[in-house]
Amino acid sequence: MSTSPAEGGGKPEGPIGEDGRHELWREGIYDHDNEPKVKRRDGSFQSIEKLRGFLNYERNPEPYRRPLERVLDWGELNPTEEDDLHHTEVEQKVQAARCMDCGTPFCQTHTGCPVNNLIPEWNSLVYNDQWSDAIDSLHKTNNFPEFTGRVCPAPCEGSCVAGLVDSPVTIKNIEYKIVDRAWKDGLITPRIPKERSGMTVAIVGSGPAGLAAADQLNQMGHKVTVYERADRIGGLLMYGIPNMKLEKDTVDRRVNLLREEGIEFVTNADIGKNVDVNELRANYDALALCVGATKPRDLPVPGRDLKGVHYAMEFLTKNQKRLLMTKEGNLESSWEKETFITAAGKDVIVIGGGDTGTDCIGTSMRHRCKSVTNFELMPQPPMERAPNNPWPQWPRVFGVDYGHAEVQAVFGKDPRVYSVMTKEFIGDDEGNLKALVTQAVEITDKGPKAIEGSEKEWPADLVVLSMGFISPEEYIAEDLGLDSDQRNNIHAVYGDFRTNVEGVFAGGDCRRGQSLVVWAINEGRGLADSANQYLQQKKADETSSDGRSAFANLSSLSPNI
């Protein structure tokens, strides 16, 4: 902390101090009851102001915990309040002040936030220390900001108007701070619907789409029951996203709130297998399918069936189940040792990038792997936007995610290898994976093309396939006779979400295809609106039908009526 705004000389240094926050200055030792003055880009120390905040202050996202520290545990990446990396309330206000009151906030349009978060509004509320109003504003559009504030890649920041000429506002950090403070301050409490419609809805799938649909429909007054085939509620939030990105107590906290608000949850219910889907449909007024896109893309090359080649979700799910069993005090003997997939002491290769690939890298690091390499088919992205990738599109640029940073810190190099494709897996005499062979590729007008003579062998004890998902599993759709689109997703028009079967709706990745958590929330909310219209009309028709029949009976009894 500087002792005087006039100290120093020459060209002013940047406003960010050695502690990773904007430098502060106070009038004297007795001035700690007042807000300090903050260093600006021009070197002066002045009171925080929002009018020209995007010009006066630098973008300063709160950093994750240090790589060499966090890689030793399964705790969340974000620093706790006790961590010296944690942003103070003053720094949070400075970052909120950078929101520039632009005429058209692209951050909340279709190019930015899929749920149309009222970003400028709650940034202004944070700046004015109105945290209670900020969480109310955030909840108007986003059912689960504690999830998106942790795992969303923040397309809103890619379309931030400030990013046209400078760095975008730290929107994701601010969202995270709003909701975490709201939970801490007791501002998020059960909202019990005052009236019930008498209509019932079954939702299959408890991922972000299913939970968002359930939350909306419950608040609309309908009786909602959510069916989940796994042993815990949350879908990919529980088992597909590792603990360091999303602590499972955070998921359980929201699920328990939804349960208090009247939503019923049923686990170990594999609809279409141990529960008849047509029976389910017959017992509810509406049926909503939010089953996700869970069929992974395979790599059909020689040696694919060797022991040691696994899908990403298989790897991540079994790891998360083991963590939860350990946390709850279950004995190590119940960890399914025969099926648990460990990276400990192994040469690991993750095939495929994206968020899931990074999660597999981070999980392998926490297993104490011998090495980890990440193959990507496409070339390395540019450091800055390419001409064909203008603002406000999502910037397809080179970045370092948490898993890459951890490998760099431990092994001294980035794990990614670009422009390669796997040609074959090599095994030993016992059928165990021991290596794989790659070829370099070049991108042509017809797609990736292997370069002859570029073969290279890589040692590998564990290969994790993280190449995305192609469609939902078909058995529920087949039992119901649902139409599918050209990608084998359940066919339902966006905005309507109705399938070709009466009273059956579909939303989330099973309709849209593999996408982001925030898009799943968008789809769940949209599905709920459409289902609500259907239920209201159904109730009105039933009421009208009952009224006519009752009147007809009276008429038959009394000719004078």
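The values are calculated or read from the model by the stated rules, or taken from the named source; none is laboratory data. Since the structure is predicted, the reported quantities are computational estimates derived from the model, not experimental observations. Cβ coordinates were reconstructed from backbone atoms using ideal geometry, including for glycine residues, and neighbour counts include every protein chain displayed. Heads up: the accessible areas ignore ligands, DNA and RNA and are worked out on the full protein's heavy atoms, side chains in. Shrake-Rupley method; radii C 1.70, N 1.55, O 1.52, S 1.80 Å.
So here's what we get for this one:
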| item | result |
| --- | --- |
| Residue check, Ala182 under 15 Å from Glu146 (Cβ atoms), open to solvent by less than 10 Å² (accessible area, probe 1.4 Å), hydrophobic (A, V, I, L, M, F, W, C) and touching a Gly at 6+ places or on another chain (Cβ under 9 Å) | no |
| Filtered residues of region 57-76 (kept if without any contact (Cβ under 8 Å) to a residue 40 or more places away in the chain and open to solvent by less than 30 Å² (accessible area, probe 1.4 Å)) | Arg65 |
| Answer residue from region 160-173, given it is outside any loop (DSSP other than H, G, I, E, B) and open to solvent by less than 10 Å² (accessible area, probe 1.4 Å) and is nearest to Glu76 (Cα to Cα) among those | Ile171 |
| Filter result for Ile188 (within 26 Å of Asn532 (Cα to Cα), assigned to a loop (DSSP other than H, G, I, E, B) and aliphatic (A, V, I, L, M)) | yes |
| Count of region 123-159 residues which are touching a residue at least 60 places away in the same chain (Cβ under 8 Å), in a loop (DSSP other than H, G, I, E, B) and open to solvent by less than 30 Å² (accessible area, probe 1.4 Å) | 5 |
| Residue ID - farthest from Asn56 (Cα to Cα), chosen from residues in region 77-88 that are in contact (Cβ under 8 Å) with a residue 12 or more places away in the chain and open to solvent by 50 Å² or more (accessible area, probe 1.4 Å) | Asp84 |
| For Pro190: the one exception among (1) buried (at least 22 other Cβ atoms within 10 Å of the Cβ); (2) closer than 27 Å to Ala230 by Cα | (1) |
| Some residue of region 215-231 being under 30 Å from Glu62 (Cα atoms) and either open to solvent by less than 40 Å² (accessible area, probe 1.4 Å) or of a type in the set (A, V, I, L, M) (or both) | no |
| Residues of region 417-434 satisfying the condition of being open to solvent by less than 60 Å² (accessible area, probe 1.4 Å) and out of contact with any Gly (no Cβ under 8 Å at 6 or more places or on another chain) | Val417, Tyr418, Ser419, Val420, Thr422, Gly431 |
| Failed item, numbered, when Lys93 is tested on (1) open to solvent by 20 Å² or more (accessible area, probe 1.4 Å); (2) closer than 21 Å to Ala154 by Cβ; (3) within 23 Å of the chain's Cα centre (by Cα) | (3) |
| Helices (runs of 4 or more DSSP H) (entirely within region 198-265) containing at least 2 residues that are free of Cβ contacts under 8 Å to residues at least 24 places away in the same chain | 248-260 |
| Test for Arg396: is it open to solvent by 50 Å² or more (accessible area, probe 1.4 Å), assigned to a loop (DSSP other than H, G, I, E, B) and either hydroxyl-bearing (Ser, Thr, Tyr) or within 28 Å of Glu76 (Cα to Cα) (or both) | yes |
| Residue identified as open to solvent by less than 60 Å² (accessible area, probe 1.4 Å), at pLDDT 95 or above and in contact with a Lys or Arg (Cβ under 6 Å, 6 or more places away or on another chain) among Leu287, Leu306, Leu316, Leu280 | Leu287 |
| Long-range neighbours under 8 Å by Cβ, at least six apart or interchain, first residue touching a residue at least 40 places away in the same chain (Cβ under 8 Å) and within 14 Å of Leu436 (Cα to Cα) within region 348-375, second open to solvent by less than 10 Å² (accessible area, probe 1.4 Å) and among the aromatic types (Phe, Trp, Tyr) | Ile349/Phe375; Val350/Phe375; Ile351/Phe375 |
| Region 502-519, subset of a type in the set (A, V, I, L, M) and either without any contact (Cβ under 8 Å) to a residue 40 or more places away in the chain or part of a helix (DSSP H, G or I) (or both), residue least open to solvent (accessible area, probe 1.4 Å) | Val518 |
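For (1) among the polar types (S, T, N, Q); (2) modelled with pLDDT of 95 or more; (3) touching a helix residue (DSSP H, G or I) at 6+ places or on another chain (Cβ under 7 Å), each residue gets a yes or a no:
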{"site": "Glu7", "(1), (2), (3)": "no, no, no"}
{"site": "Asp19", "(1), (2), (3)": "no, no, no"}
{"site": "Leu24", "(1), (2), (3)": "no, no, yes"}
{"site": "Tyr30", "(1), (2), (3)": "no, no, no"}
{"site": "Asp33", "(1), (2), (3)": "no, no, no"}
{"site": "Arg40", "(1), (2), (3)": "no, yes, yes"}
{"site": "Tyr57", "(1), (2), (3)": "no, yes, yes"}
{"site": "Arg65", "(1), (2), (3)": "no, yes, no"}
{"site": "Leu68", "(1), (2), (3)": "no, yes, yes"}
